[in-house]
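One structure is given below, encoded as C-alpha cells.
The values are calculated or read from the model by the stated rules, or taken from the named source; none is laboratory data. Note that the coordinates shown come from a computational prediction; the quantities given were computed from them, not determined experimentally. No Cβ is skipped: glycine too gets one built from the backbone with ideal geometry, and neighbour counts run over all protein chains shown.
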Protein chains: 4
Amino acid sequence: MNTFGKRFRFTTFGESHGKALGVVVDGVPACIKIDENFIQKEMDKRRPGKSKYETSRKESDKVEILSGVFDGFTTGTSIGMVIFNENQKSKDYSNVKDLFRPGHADFTYFQKYGIRDYRGGGRSSARETSARVAAGAIAKLLLKELNIEVKSGICEIAGIQADIQDFEYSKTSSIYALDSNKENKQKEAIQTAINSHDSVGGVVLIKALNVPAGLGEPMYHKLDGQIASAMMGLNAVKAVEIGDGIQASRSKGSINNDQITSKGFETNHSGGILGGISNGDDIVVKVYFKPTPSIFCEQKTVDINNNDKTYLLKGRHDPCVAIRGSIVCESLLALILADMLLLNMNSKIDYLKNMYSL
Amino acid sequence: MNTFGKRFRFTTFGESHGKALGVVVDGVPACIKIDENFIQKEMDKRRPGKSKYETSRKESDKVEILSGVFDGFTTGTSIGMVIFNENQKSKDYSNVKDLFRPGHADFTYFQKYGIRDYRGGGRSSARETSARVAAGAIAKLLLKELNIEVKSGICEIAGIQADIQDFEYSKTSSIYALDSNKENKQKEAIQTAINSHDSVGGVVLIKALNVPAGLGEPMYHKLDGQIASAMMGLNAVKAVEIGDGIQASRSKGSINNDQITSKGFETNHSGGILGGISNGDDIVVKVYFKPTPSIFCEQKTVDINNNDKTYLLKGRHDPCVAIRGSIVCESLLALILADMLLLNMNSKIDYLKNMYSL
Amino acid sequence: MNTFGKRFRFTTFGESHGKALGVVVDGVPACIKIDENFIQKEMDKRRPGKSKYETSRKESDKVEILSGVFDGFTTGTSIGMVIFNENQKSKDYSNVKDLFRPGHADFTYFQKYGIRDYRGGGRSSARETSARVAAGAIAKLLLKELNIEVKSGICEIAGIQADIQDFEYSKTSSIYALDSNKENKQKEAIQTAINSHDSVGGVVLIKALNVPAGLGEPMYHKLDGQIASAMMGLNAVKAVEIGDGIQASRSKGSINNDQITSKGFETNHSGGILGGISNGDDIVVKVYFKPTPSIFCEQKTVDINNNDKTYLLKGRHDPCVAIRGSIVCESLLALILADMLLLNMNSKIDYLKNMYSL
Amino acid sequence: MNTFGKRFRFTTFGESHGKALGVVVDGVPACIKIDENFIQKEMDKRRPGKSKYETSRKESDKVEILSGVFDGFTTGTSIGMVIFNENQKSKDYSNVKDLFRPGHADFTYFQKYGIRDYRGGGRSSARETSARVAAGAIAKLLLKELNIEVKSGICEIAGIQADIQDFEYSKTSSIYALDSNKENKQKEAIQTAINSHDSVGGVVLIKALNVPAGLGEPMYHKLDGQIASAMMGLNAVKAVEIGDGIQASRSKGSINNDQITSKGFETNHSGGILGGISNGDDIVVKVYFKPTPSIFCEQKTVDINNNDKTYLLKGRHDPCVAIRGSIVCESLLALILADMLLLNMNSKIDYLKNMYSL
C-alpha cells in the first residue's frame, strides 16, 4: 500500500541502501509550470548532512524527472521521479543481519514478511521520505497557483517549547527552530543527547495559509482525518494534534468554540477545521516525534531465532528526527491540500456547469 | 467519501433527522456466525438517553439487517443494515435554518455544498456514528473468531485524569469511567458544566488485546495511520496518540525504546505499533475530544448572508461527547483490525500456497 | 467489492429473496434537483412482469430515498435508497438447496464462499440490478444538467438483427426493439423458446449523445475500459464492443480511421472513443447477452457433495435477459459518464483557478 | 489514473519518447523468487523490431529493478522497475506538433489536457505497454508458485481465422500464429497492407490454465469485468469476449449452458467464468484489435486551431498491432489473476483462522 491520496496521488518505492528511491505522482492537472530548481531546493531542505544536528550520511538527493513534464509544464500524465542512492554501500551489515534494533520496524517487518532488507532499515528507513518531499514539491507548485502557502518549524525539542512562532526565522535555523530565544537551549539538549550516545524527541508545527473554506470530504476522507493519517504514518510520529487539540479536551465549550463574526472567526482553537472541512482560517497541525530509536548505547534485543542478545549500534543517525521530519510534514500537508482541492471541485453541480459554460 | 477501509469496508448514509441511518459492510468473509443480539447490545452502549450525562433524545437505535446474512451466517456478500430514526420530527428548526452554530460543521458544510440539512446538524451530526457501531459489531464478531478483544473507557474528563485503567469497572459506569476513584469528580465536572449551560472535553483510552504481530500495510495504510485517520475523523476529536505519544516526544531514546527479550517487549511505550505494524503487544490509543460545541449560552455567529447575529441554542445535547464517543472509538478500532487482518493475509506467498495446499 | 466508480460511486446490497435491495450513491455533487417520479419511472422500465416476454414475478420496485436529499435537492452527502422485496416468499427452495443450476453462479459462489443464499440465486440474481437502475437515475439527473442523453434498445435477438436504430420506437416496444420491421420476428423467436422451455440470447445497443470530448482517465480508468468492466460484469453478458469493434478487427486502417475535419469526424467507427477518451462524437456500445441460463428442460448437474444429479427447474424467468438488461446497460453508461465528468474536472489547472476566480 | 488492480497493483509512468518508462508493482507477497532472466525474456517477446511484421524501431527494452527485491526474493515492498528509452531522439516532430493523427489519441488528449507530448504519441503510445509486461512478469512468477499458466496467440488477422489453437506453435511464429496452416495467409495479408501503406486488424486469444475455482469479486470487481476493463483499455482494442461470447448471444440456453458432472463441466461455452467467478475450467478470452491507425496514406485532419489539413505520416509502425499486443494481453491476464488470488484469500473466515492455526 505504497500509494497515498485519492486524486492527487503518489506512489513511492525504494530502500535506504537499494539502488534508488522513486515516486510516481499521479492525478496532477495539466498545464502547471514545473520549476525543477524549486523541486531540488525542497529536496535540499530534507537532505542529510547539513549540520552536526543531522546524520552525517552524505547524499546529494538529486531528483530526476522521467516523465509527465513536457516543455516545462505538466501534461496530466503520471510524473515519475527517481533519486539514485549514492552513499549506500559503505557498510558491513553482517552484525545487524539477524538482529532487531529496539524501537525500529525491524521486528515487525520480519514478523510480517519473513524477509527484510536489513541494510539501514531497508524500506522502513526514513530515507523513503525523500520521495515524499519530491512529490510534495509538485503539490506546492499546484498550491502556488492558488496562492496557498504551507510552512513548518520546530516548536519543541526535548520538552523545550517555543514561545513564539517565527517561520521566517525557522528557515535560517539549522534546527528549523521557530523561536530564536529557545534555539540554543534546544540545540544544547540535542548536543547533550549526542554526547551521551542518546537521542531526543521533538514536536513540529505546520501551518497552511490562505486555504479556501470547503476542503475535506466527509465522512471518511476528512481534511483532519487525512492529515492525521499522513502524519501518524510518518516514521517516529506517535501523536497528531489539530489546533488546540489536547488543550481543547481540558477546556469548556464556551471557551473553545470559535465565535463567528462577519469579519471571520474570532479565535482559531479549531485549527481551521470544522467537521473535517476547512473553514478558511489557517490550518494548524502539531506532530509529535519520538526520540530517534537509533542510539549508541547497549540495548537488549533478540535475533531472528528469538535468542536473547545485546546490541550496540554503529553508524550515522539523526539525534532528533523531528528536525528533518518537519520538511516531510510540510510536504505531506501540501500533498493533502492538493488532493482536497481537486476533490472539492466535485462538491457542487454549478462548478461542473460553469466548466461547460451552461 | 462515505466509505472506510480497504478490504473490510463500510459505507454509511443518513442524517440526524432524516428517515434513517444505514451502513453497508462489504468485504466480510463468509461463514462468520452473526449474533443479532450482540449487535443490538453494541448499539445500546452508544444509544442516547441512558443517563443524565447524555442527551435526552430518545432513540431505540434498533438495527435491521437487510442482506448479507443467511441462516445466521455471513455469506461473503454486502451486509446492509438500517436504523430508522424515531425521534426526528420533534422540533422546529426555523431559528437555526440560516445560522451557523459556533464550533459545529454548519459553516463549513454550507461553504462546501451551498446547501445543508440544518436539522440537528444533518449529516454532520454524531448520530451518524450509530452506523459505525453497527458495522463495528460485525467487525467484533470477526475478531472474536481470532480471540482478539477491543476495550475502551474514559481516562480523562475536564482535565481530571484516571490513575488506573479498569476496563471491567468502566462497563458498569454511566460515564464509562476507567477509574472508580475519579469517577465522582469527573461526574461533578460534567454536572457543573450542565448547570452553567456549558460543556466539557474528555479523553478516551482504547486498547486491543491479543492482536497478532504483523498487522498494518506500509507505507500509506499503516496501522497507526489508519487509527489516526479514523479517530481524528470522528466528531469533536482534535488529537490522537499512540502509546506514550506526547510524552515520548519529551523522552530520550534510551528510555523510550522498548527493549526486546525472548519473552517479549519489556515495556510498551510504542503502544504496540512499530513502523506502522503491530508488534504483538497491546494496541494503546488515546483520543482527545473537544467540549461539545452545543452549549446553551449566547454566542456570536453570522447568518448565511454573513450578517452578524447572536445565537442561543435550545434542544438536547451531550454535555461531554467523549462518553458515548468511547464506544465509537472502540468500534472503529475493531473495524480497522478486521481490515488489517484481511490485508495481512496477502503478506507472504506461503499463506497463498498453504490455502491451496501446495 | 460491491462499489463501482471513483467519484460518482455506488454501493449495492441485497439478495433476490432477502428483505430488501439497496444502494448508496456517494460523491453526488450538491444542488442537483431530484425528481422522485423520474427515478420511479426508470425503475418501472426494468420492473419485471410487464409483458409475456418477461418473468412473471410481480414486484412494484418502489424506491424509497432514505438520505442525501433535502428540500428536493442533493446535499452532497451519500444517498441511501432501498427497495423492499414484496414477492420473495412464494416458493419452496428445498429442491435446489443443494444443487447447482447449470449456467448460473450457484457453483462458483459455493466454491468461493462455502455458503450461499440459494433462494432465486441470492446475491447473484439479476434482481440486484434494480439497485443499479436506481443509482443510474441519479446519474441521469446529473447528466440532464449538461444535456447529455443516454439511450438503449435491442438490436438483436436470437441472431435476428435490427437494420435500423429507432430509439423512439424502442421506448414503445415491449421488447425494446430498435427496428419495428424486425420486432415481430424477434418476438416469435422468444415465443418459440418459451414454448420449447428454452431461452434465447440477444444484443443491446447503447448510445450516449452530446458527450463532451475529454472524458476518460488514462491509463487504467479509461472510458472504454470502464464501460467494458461495467457491462461485462452484468449478469449474462459475455462480450462488449465499442463502435465497430469486431468488424474493425477485420478492416484496414485506411477505412477504419475516422477522418477529422473542421466540422467534426467524418465517420464514427471508433464509437466516440479514442485512446480511452471521448472525442465528442456519440458513444456507441454493444453488449452481448447469453441466453438466460434458467430453462425448463432437464439438465445435468451435481449436488454440493459432487454427486451427479439431473435437474428440472421450476419458477418464473425471463426467456431473454437482454430485454430488461438494456435498461441496466443504459443506467450503467449514465453512471460511468457522471463519474467521468467529475473526474475530468481535475484535468487542467485552469479549471481549478477559474473555480476560485484566479 | 495510472494504477491498476486492488491488491496486486501496478502503476506506470513514461512516454514514448521521454527519458524512460517505468512501473511500480505494489502488493506483491514476500518471498517469491525473482528470476530476472525470466522478466527480460518476457520483455523480449514484446520488444519491437524482431521481424518485418513489426515496427523497425530498435529498443533493447532492458528492465532494471530498483527496489523491492532482496537476495533474489520479493520483500513485500513496492517493486520499482525502469526501462530507459534508447531510440527516442531520432526524429523531427515539427510536422506533427500541431496536427492530430486520425484514429489516434492525439485529438482527445489535447481536448482533455490542453497540452501533450506529441513525440510518437507521448503517453498514449503503445510503448507504455512495455511497463505492463514487466509488471506481468512479476505476476507470472506468482502464478508459477501455484502452477497457473497463461498463454496467448493470434487467432485472426485481417479476417483470416485460425482453425486450430496450437499455443506451442505460436511461440515459434514471428506473428504468434496459433494455426500454422493459416499463418502464411495471415502474413500475406499483413504484407499486402504494408505494400499499400495500410494496416490490418486482428484478434488475440488468451487462455489461462489450472485456475482454481472461486476467483473474482462480485459485484463490481468480477473476474470477467476486470478482464474486460484491462483488455478494452489497451491501445487499439475495441471488443472483448469471454468464452463463446458473441456466438452465445445467438444461441439457446439448452445449448449454451455448460452441463455439470462429477467429473467437471461437459463444455466450456462460459470461458471458465460464471457470475464473474472462475469455475475451475480454462479461462478463455478473445481480444479484438482495430487496424493500426498509423498508416502511410494521405489523410484528412485538423490542426490545433481546427484548420482543415491533410496529413501524410512518416516513421516506423507496426502494420498489425495485435501481434505484439498478444503478449500484453497475456501479461494483463496474469496481473488480474494474481490480484484475484490475493483478494480471494479473504473470502472465508476459515482461511484466516487457518493462517493463525485457530
Report summary line: Checked segment B:60-77 for anything within 15 Å of C:Gly14 (Cα to Cα), in contact (Cβ under 8 Å) with a residue 40 or more places away in the chain and not in a strand (DSSP E or B); matches are B:Gly68, B:Thr75, B:Gly76
**Report entry** Count of segment B:185-206 residues which are facing chain A (nearest Cβ under 7 Å) and of a type in the set (D, E, K, R)
**Finding:** 1
Report task. Consider B:Ala338 carefully, then state whether it is in contact with a Phe, Trp or Tyr (Cβ under 9 Å, 6 or more places away or on another chain), facing chain A (nearest Cβ under 8 Å), modelled with pLDDT of 95 or more and under 28 Å from B:Arg47 (Cα atoms). Result -> no
**Report entry** segment D:221-240, residues that are outside any loop (DSSP other than H, G, I, E, B) and either farther than 28 Å from B:Lys6 by Cα or not aliphatic (A, V, I, L, M) (or both)
**Finding:** D:His221, D:Asp224, D:Gly225, D:Gln226, D:Ser229, D:Val237, D:Lys238, D:Ala239, D:Val240
Query raised in the report: Looking at (1) within 30 Å of D:Ser262 (Cβ to Cβ); (2) touching a residue at least 12 places away in the same chain (Cβ under 8 Å), which is the one condition that is false for C:Ala228?
Result: (1)
Report task. Evaluate the following for C:Ile295: is it farther than 19 Å from D:Ser229 by Cβ, without any contact (Cβ under 8 Å) to a residue 40 or more places away in the chain, at the interface with chain D (Cβ under 10 Å from one of its Cβ atoms) and touching a helix residue (DSSP H, G or I) at 6+ places or on another chain (Cβ under 6 Å)? Result -> no
Query raised in the report: Out of (1) closer than 19 Å to C:Glu128 by Cα; (2) surrounded by 14 or more Cβ atoms within 10 Å (Cβ to Cβ); (3) touching a Gly at 6+ places or on another chain (Cβ under 7 Å), what's the single condition that is false for C:Ser56?
Result: (2)
Report summary line: Flagged in segment A:184-220 as part of a strand (DSSP E or B) and among the aliphatic types (A, V, I, L, M), in numbering order, are A:Val200, A:Val203, A:Val204, A:Leu205, A:Ile206, A:Ala208, A:Leu209
Report task. Consider B:Ser174 carefully, then state whether it is in contact (Cβ under 8 Å) with a residue 12 or more places away in the chain, of a type in the set (Ser, Thr, Tyr) and in contact with a strand residue (DSSP E or B) (Cβ under 8 Å, 6 or more places away or on another chain). Result -> no
**Report entry** Failed criterion for D:Arg123 (all others in (1) under 29 Å from D:Lys238 (Cβ atoms); (2) modelled with pLDDT under 95 hold)
**Finding:** (2)
Report task. Give the number of residues within segment A:100-117 that are surrounded by 22 or more Cβ atoms within 10 Å (Cβ to Cβ) and either at positive phi or out of contact with any Gly (no Cβ under 8 Å at 6 or more places or on another chain) (or both). Result -> 4
Query raised in the report: Could you say whether any residue in segment C:83-103 is of a type in the set (Gly, Ala, Ser) and more than 8 Å from every other protein chain (Cβ to nearest Cβ)?
Result: yes
Report summary line: Taking segment B:1-58 and the residues there that are of a type in the set (A, V, I, L, M, F, W, C) and in a loop (DSSP other than H, G, I, E, B), the one that is farthest from the chain's Cα centre (by Cα) would be B:Cys31
**Report entry** Checklist (1) under 23 Å from the mean Cα position of the chain (by Cα); (2) over 28 Å from D:Leu335 (Cβ atoms); (3) of a type in the set (Asp, Glu) applied to D:Asp308, failing item
**Finding:** (1)
Query raised in the report: Name the residues in segment B:20-48 that are crowded, with 20+ Cβ neighbours inside 10 Å, more than 30 Å from C:Val69 (Cα to Cα) and not aliphatic (A, V, I, L, M), would you?
Result: B:Pro29
Report summary line: When segment B:19-32 is checked residue by residue, the ones that are touching a Lys or Arg at 6+ places or on another chain (Cβ under 8 Å) and more than 27 Å from D:Asn344 (Cα to Cα) are B:Leu21
Query raised in the report: Restricting attention to segment B:179-195, does a residue exist that is among the polar types (S, T, N, Q) and crowded, with 24+ Cβ neighbours inside 10 Å?
Result: yes
Query raised in the report: What do you reckon, is D:Ser254 more than 19 Å from the chain's Cα centre (by Cα), outside any strand (DSSP E or B) and buried (at least 24 other Cβ atoms within 10 Å of the Cβ)?
Result: no
Query raised in the report: Using beta carbons and a limit of 8 Å, which pairs, at least six apart or on different chains, have the first residue in segment C:234-252 and without any contact (Cβ under 8 Å) to a residue 24 or more places away in the chain and the second one acidic (Asp, Glu)?
Result: C:Ser249/D:Glu156; C:Arg250/D:Glu156; C:Ser251/C:Asp244; C:Lys252/D:Asp198
Query raised in the report: With respect to B:Lys300, is the statement that it is in contact with a helix residue (DSSP H, G or I) (Cβ under 8 Å, 6 or more places away or on another chain), farther than 23 Å from B:Met43 by Cα and charged (D, E, K, R) true?
Result: no
Report task. Output yes when any residue across segment C:142-164 is surrounded by fewer than 23 Cβ atoms within 10 Å (Cβ to Cβ), in contact with a Leu (Cβ under 7 Å, 6 or more places away or on another chain) and of a type in the set (S, T, N, Q), and no when none is. Result -> no
Query raised in the report: From the residues in segment C:298-331 that are under 20 Å from C:Glu188 (Cβ atoms) and hydrophobic (A, V, I, L, M, F, W, C), which one is farthest from the other protein chains (Cβ to nearest Cβ)?
Result: C:Ile323
Query raised in the report: What number of residues within segment B:166-223 satisfy the criterion of being within 27 Å of A:Ile255 (Cα to Cα) and among the aliphatic types (A, V, I, L, M)?
Result: 11
Query raised in the report: In segment C:152-172, is there at least one residue being over 17 Å from the mean Cα position of the chain (by Cα), away from every other protein chain (no Cβ under 12 Å), part of a helix (DSSP H, G or I) and of a type in the set (S, T, N, Q)?
Result: yes
Report summary line: Restricting segment D:257-286 to residues that are more than 9 Å from chain C (Cβ to nearest Cβ) and buried (at least 24 other Cβ atoms within 10 Å of the Cβ), the one farthest from C:Ser262 (Cα to Cα) turns out to be D:Gly272
Report summary line: For segment B:102-126 the number of residues that are part of a loop (DSSP other than H, G, I, E, B) and of a type in the set (Gly, Ala, Ser) is 4
